[in-house]
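Student: Here it is, the structure in full.
The values are calculated or read from the model by the stated rules, or taken from the named source; none is laboratory data. Because the structure is a prediction, the values reported are computed rather than measured. Cβ atoms come from the backbone with ideal geometry, glycine included; neighbour counts cover every protein chain shown. Heavy atoms of the whole protein, side chains included, go into the accessibility calculation; ligands, DNA and RNA do not. Shrake-Rupley method; radii C 1.70, N 1.55, O 1.52, S 1.80 Å.
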Amino acid sequence: MRYIIVSLTLLLAGLTVSSCENITEHTRPQTYDICGKVEKGPYISGSTITIQPLDEQLQVLGSMYNTTITDNLGNFVLGKREFLTPYADLMANGYFFNEVKGELSIGTLTLRGFADLRDCESVNVNILTHLKYARIQTLVDSGISFPDANKQAQKELFEAFGLGDFTNEDTSTFSIMEGNDNSAVLIAISSLLLMDRSEAALTEYLAKLSRDFGDDGLFSGTNQSQINDDKRKLAAILPSIRENITSRYTELGISVNVKDLSRYIDWNSDGLAGNEILGDGESVRLDKQSIDIPNEGGSYTIRIDSPIPLFLEPQVDYEISTNPTLPDQVINISMYEGYDESFFMDKPIECECQIEENTLRISVSKLTSRNNQHKDILLYDYIGNIVASLTLNQSGGALNIPISETPLLGNDATTIVEGIANTMAYGLSCYNIIEQYYCHNKSTNLVEDDIYPSHSMISKAWGHFYTANRDLLLLKQLDSTRLNVYADYCNVLSAIYYSNLVYAWGNIPYITDYEMFENLYSQGGIPSSSPQKVFDNLKANLTVAIANLPEKRNESIKDANGFFFASKDVARVLLANIHMYEGNYNLALPLLQKVIENGFYNLVASTNFKPSINTDIIDITESSEVIFALIYNAGTRNSVRITQPDVMPYITLSDVYLSIAECLYKAGKESDAEQYITDVVEAKNITLNESKTLMKIKELRESLLLHGGTFFAFLKRSGLAISECQIEEYQLLFPIPQDELNTNKYISQNPGY
């Protein structure tokens with residue numbers, strides 16, 4: 001019957017208080033000054049303590065005494081009481097600090113313990129006293145004295161947790177606040193049993209463990225399996241438990257040290273806690289810290305000197321804090337038509353590792369990556385602490401992807417190019433409106449009224465050119481990590497907007513690498529480059545492009561591929577324009593003449609290069625002299641005859657003829673220049689008002705090519721801009737947009753604004 005009562009009581013909770021050592025029999029009443037602590041984490045003020053006197057067989061003897069915990073540290077004081085024997089049953093019930101969650105419990109918990117009151121300054125109740133409570137009762141019932149039963153129960157309890165070194169110290173003396181090994185044992189076991197359990201679940205679990213252990217001093221079957229499962233979960237949260245406890249006591253005004261709790265858990269259940277991790281002053285040494293591996297791979301052997309077993313993976317769910325070296329990441333997009341993106345991904349180092357008798361054996365496969373790759377081989381102790389590492393450095397190599405011809409754009413690359421085309425078209429349309437301000441300035445004073453740093457057209461033209469540049473450089477970078485076949489086409493497109501930026505603004509920020517855009521934000525901008533530096537780079541790129549690009553008819557308004565895959569002729573005209581702007585007409589002339597010799601384009605009667613656009617196809621037969629154009633639709637401004645057609649004919653055969661005439665005129669071959677002018681006049685059936693050769697070229701460009709975005713550059717290089725537009729000399733350069741000055745601290749405004 002008494003066993004049933006004990007079992008029912010255990011279902012309500014419990015921890016116990018143990019006895020002091022080597023108690024002798026006594027025959028007369030004695031007064032004891034009783035005080036102690038109740039700790040799970042510490043019980044809080046107001047928790048109740050019941051103390052029941054017992055005889056030598058742990059039978060109830062006399063009346064029970066009640067008191068309460070007096071502070072949030074778990075302290076209680078009963079004071080002086082007369083007991084017939086020194087034995088007592090202590091039971092504590094109340095709220096406590098949950099060290100796993102780092103907060104006060106939302107329910108109460110009952111802990112119990114037997115105590116021998118002789119020669120004890122205080123008696124503590126905790127998880128350990130509670131766990132051995134039923135075992136002591138069983139041993140005493142079998143005829144063993146309380147002191148011997150307490151010693152045996154304590155020995156069995158600590159051995160069950162792999163803590164045999166602590167069997168000689170009574171659990172009733174253990175306290176979290178001491179900051180010693182005993183404290184760490186108490187916290188570790190208490191946390192292991194608590195885990196994520198509610199107060200009700202913990203009460204039930206402790207009762208089950210206490211009954212199981214009470215029978216034979218062992219945890220058997222499912223209980224031992226549950227404890228092992230909880231160990232694997234506990235490893236990940238031990239650091240936070242230490243922090244929770246120290247923070248709690250700091251809040252209470254007390255500094256408490258908590259040792260490394262991982263040393264007090266028998267992680268591999270071999271009967272000895274702490275032998276799975278390095279002790280103080282111990283370390284693991286490898287005979288190599290890194291290995292350089294060729295692209296084809298190889299096999300390697302590394303000697304290990306370690307006082308503990310090592311693993312290539314944690315054996316428990318420990319929270320690993322590490323930053324292993326990862327391979328360069330590649331954005332996964334559909335870059336090319338007909339090529340799977342997986343062809344171009346830089347693969348990480350692949351290897352097989354094995355630890356045998358203090359030896360690490362590594363077999364490394366051939367690396368599929370253009371770039372060198374690095375990999376850290378991490379060595380762990382049982383619970384997942386990284387105790388050593390070895391770095392593998394493997395050389396990259398060619399991917400050897402066969403290319404029969406330059407592939408068309410894939411779906412994602414097409415989307416990027418369409419965005420670039422739209423952005424460039426809008427930027428050039430804004431740029432063209434500014435040109436028309438200059439063209440019509442004689443009668444409208446548009447330059448003075450509208451060309452200032454905060455004007456929207458100035459900001460939009462500049463901003464859209466640089467936005468197009470950002471997206472084009474991204475495309476170029478993505479291609480460079482794959483087939484690397486689009487660089488020349490990207491360089492041709494960049495020459496369009498960068499040459500116009502120089503024609504209009506002079507010194508400009510010249511961004512040639514996608515990563516440079518990071519400087520615009522992290523470093524507050526980048527300095528401007530001189531026109532000469534920009535032109536030299538553009539000329540070099542265009543010269544290479546002329547050598548590499550196909551000799552074909554260009555079809556820029558057909559689709560995204562037509563826009564992107566420029567021909568040699570586009571590069572030739574762009575290069576010739578820069579030469580003419582620099583005054584090198586002799587270098588421009590042969591480039592332009594080659595365009596005519598190719599015969600891909602014809603002068604036509606139409607003076608409108610706008611094609612007929614249907615929903616399904618674009619008919620460009622009317623525009624057979626268009627070499628490069630951009631499609632856009634940005635509305636009109638009829639008040640000053642400033643209009644924007646749907647197609648901006650940036651390069652046409654008429655443009656080439658007039659540029660050749662300009663080159664011949666500059667070379668003193670005026671009669672030859674007049675012939676090219678006549679060819680255009682007759683093809684278009686135009687009557688000219690001007691009589692001088694250069695002015696005829698100017699009149700034709702204004703009539704035919706005003707909407708092409710090239711007129712102001714012609715006026716500047718021919719020395720006509722100031723007189724024809726009636727502007728001041730400083731107005732030959734546009735003002736730097738005010739919002740650009742606000743964000744880029746390295747550039748300054750053009751003079752005069």
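Student: Considering only residues that are more than 19 Å from TYR466 (Cα to Cα) and basic (Lys, Arg), look in the range 525-564 and name the one that is most open to solvent (accessible area, probe 1.4 Å).
Tutor: LYS558
To keep it simple, each residue is scored yes or no on (1) touching a residue at least 12 places away in the same chain (Cβ under 8 Å); (2) in contact with a Phe, Trp or Tyr (Cβ under 8 Å, 6 or more places away or on another chain); (3) under 23 Å from TYR205 (Cβ atoms); (4) not hydrophobic (A, V, I, L, M, F, W, C).
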{"position": "ALA88", "(1), (2), (3), (4)": "yes, yes, no, no"}
{"position": "GLU99", "(1), (2), (3), (4)": "yes, no, yes, yes"}
{"position": "ASN124", "(1), (2), (3), (4)": "yes, yes, yes, yes"}
{"position": "ALA160", "(1), (2), (3), (4)": "yes, yes, yes, no"}
{"position": "LEU163", "(1), (2), (3), (4)": "yes, yes, yes, no"}
{"position": "GLU178", "(1), (2), (3), (4)": "no, no, no, yes"}
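Yes or no, residue by residue, for (1) in a loop (DSSP other than H, G, I, E, B); (2) modelled with pLDDT of 95 or more; (3) crowded, with 16+ Cβ neighbours inside 10 Å:
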| residue | (1), (2), (3) |
| --- | --- |
| GLN329 | yes, no, no |
| PRO348 | yes, no, yes |
| SER363 | no, yes, no |
| ARG370 | yes, no, yes |
| LEU392 | no, yes, yes |
| GLY397 | yes, no, yes |
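Student: Further question on the same structure: Is at least one residue of the range 254-262 without any contact (Cβ under 8 Å) to a residue 40 or more places away in the chain, over 36 Å from the mean Cα position of the chain (by Cα) and not in a helix (DSSP H, G or I)?
Tutor: Yes, there is a match, as at least one residue in the range 254-262 is without any contact (Cβ under 8 Å) to a residue 40 or more places away in the chain, over 36 Å from the mean Cα position of the chain (by Cα) and not in a helix (DSSP H, G or I).
Student: Can you go through ASP270, ASP266, ASP280 and tell me which one is under 26 Å from LEU163 (Cα atoms), outside any helix (DSSP H, G or I), free of Cβ contacts under 8 Å to residues at least 24 places away in the same chain and out of contact with any Cys (no Cβ under 7 Å at 6 or more places or on another chain)?
Tutor: None of the others qualify; the one that does is ASP280.
Student: Which number in (1) outside any loop (DSSP other than H, G, I, E, B); (2) under 26 Å from CYS663 (Cβ atoms); (3) not small (Gly, Ala, Ser) marks the one condition that PRO550 misses?
Tutor: With respect to (1) outside any loop (DSSP other than H, G, I, E, B); (2) under 26 Å from CYS663 (Cβ atoms); (3) not small (Gly, Ala, Ser), PRO550 is out only on (1).
Student: Please determine whether any residue of the range 731-745 is touching a Cys at 6+ places or on another chain (Cβ under 9 Å) and touching a residue at least 24 places away in the same chain (Cβ under 8 Å).
Tutor: yes
Student: Residues that are at pLDDT 95 or above: find the helices (runs of 4 or more DSSP H) completely inside the range 429-505 holding 3 or more of those.
Tutor: 456-480, 487-505
Student: Any residue at all in the range 470-487 that's touching a residue at least 40 places away in the same chain (Cβ under 8 Å), touching a strand residue (DSSP E or B) at 6+ places or on another chain (Cβ under 7 Å) and not charged (D, E, K, R)?
Tutor: Checked the range 470-487: at least one residue is touching a residue at least 40 places away in the same chain (Cβ under 8 Å), touching a strand residue (DSSP E or B) at 6+ places or on another chain (Cβ under 7 Å) and not charged (D, E, K, R).
Student: For residues that are surrounded by fewer than 22 Cβ atoms within 10 Å (Cβ to Cβ), farther than 22 Å from CYS725 by Cα and in contact with a helix residue (DSSP H, G or I) (Cβ under 7 Å, 6 or more places away or on another chain), tally how many sit in the range 427-473.
Tutor: 6
Student: Still on this structure, please answer the following. From the residues in the range 128-154 that are more than 14 Å from LEU90 (Cβ to Cβ) and among the β-branched types (Val, Ile, Thr), which one is farthest from the chain's Cα centre (by Cα)?
Tutor: Top of the filtered list is ILE144.
Student: Answer yes if at least one residue in the range 243-250 is among the aromatic types (Phe, Trp, Tyr), assigned to a loop (DSSP other than H, G, I, E, B) and surrounded by 16 or more Cβ atoms within 10 Å (Cβ to Cβ), and no otherwise.
Tutor: So the first thing to find is which residues in the range 243-250 are among the aromatic types (Phe, Trp, Tyr), and the list is 249.
In the following step, the residues that additionally are assigned to a loop (DSSP other than H, G, I, E, B) were identified as none.
No, because not a single residue in the range 243-250 is among the aromatic types (Phe, Trp, Tyr), assigned to a loop (DSSP other than H, G, I, E, B) and surrounded by 16 or more Cβ atoms within 10 Å (Cβ to Cβ).
Student: Additional query: Are any residues in the range 565-597 closer than 12 Å to ASN554 by Cα and either not charged (D, E, K, R) or not in a helix (DSSP H, G or I) (or both), and if so, which ones?
Tutor: PHE565, ALA566, SER567, VAL570, ALA571, VAL595
Student: Checking ASP739 against (1) in contact with a Pro (Cβ under 6 Å, 6 or more places away or on another chain); (2) open to solvent by 40 Å² or more (accessible area, probe 1.4 Å), only one condition comes out false. Which one?
Tutor: Of the numbered conditions (1) in contact with a Pro (Cβ under 6 Å, 6 or more places away or on another chain); (2) open to solvent by 40 Å² or more (accessible area, probe 1.4 Å), the odd one out for ASP739 is (1).
Student: Checking LEU109 against (1) surrounded by 18 or more Cβ atoms within 10 Å (Cβ to Cβ); (2) within 58 Å of the chain's Cα centre (by Cα); (3) more than 29 Å from ASP216 (Cβ to Cβ), which test does it fail?
Tutor: (3)
Student: Can you pull out every residue in the range 52-84 that is open to solvent by less than 10 Å² (accessible area, probe 1.4 Å), among the hydrophobic types (A, V, I, L, M, F, W, C) and free of Cβ contacts under 8 Å to residues at least 60 places away in the same chain?
Tutor: ILE69, PHE76, PHE83
Student: Taking only pairs six or more apart or across chains, which ones have beta-carbon atoms under 7 Å, a first residue in the range 209-228 that is more than 15 Å from GLU159 (Cα to Cα), and a second residue that is of a type in the set (Lys, Arg) and part of a helix (DSSP H, G or I)?
Tutor: ASN223/LYS208
Student: Please go through the range 85-96 and pick out each residue that is hydrophobic (A, V, I, L, M, F, W, C), open to solvent by less than 10 Å² (accessible area, probe 1.4 Å) and over 12 Å from CYS35 (Cβ atoms).
Tutor: Residues of the range 85-96 hydrophobic (A, V, I, L, M, F, W, C): 88, 90-92, 96.
Subset that is open to solvent by less than 10 Å² (accessible area, probe 1.4 Å): 88, 90, 92, 96.
Matches in the range 85-96: ALA88, ALA92, PHE96.
Student: Would you please list the contacts, defined by Cβ atoms under 7 Å and residues six or more apart or on different chains, that run from a residue in the range 656-674 that is β-branched (Val, Ile, Thr) and modelled with pLDDT of 95 or more to a residue that is open to solvent by 40 Å² or more (accessible area, probe 1.4 Å) and assigned to a helix (DSSP H, G or I)?
Tutor: Hits for this filter: VAL656/ILE596; ILE660/GLN593; ILE660/TYR676.
Student: Could you please find all residues in the range 723-736 being part of a loop (DSSP other than H, G, I, E, B) and open to solvent by less than 90 Å² (accessible area, probe 1.4 Å)?
Tutor: ILE727, LEU733, PHE734, PRO735, ILE736
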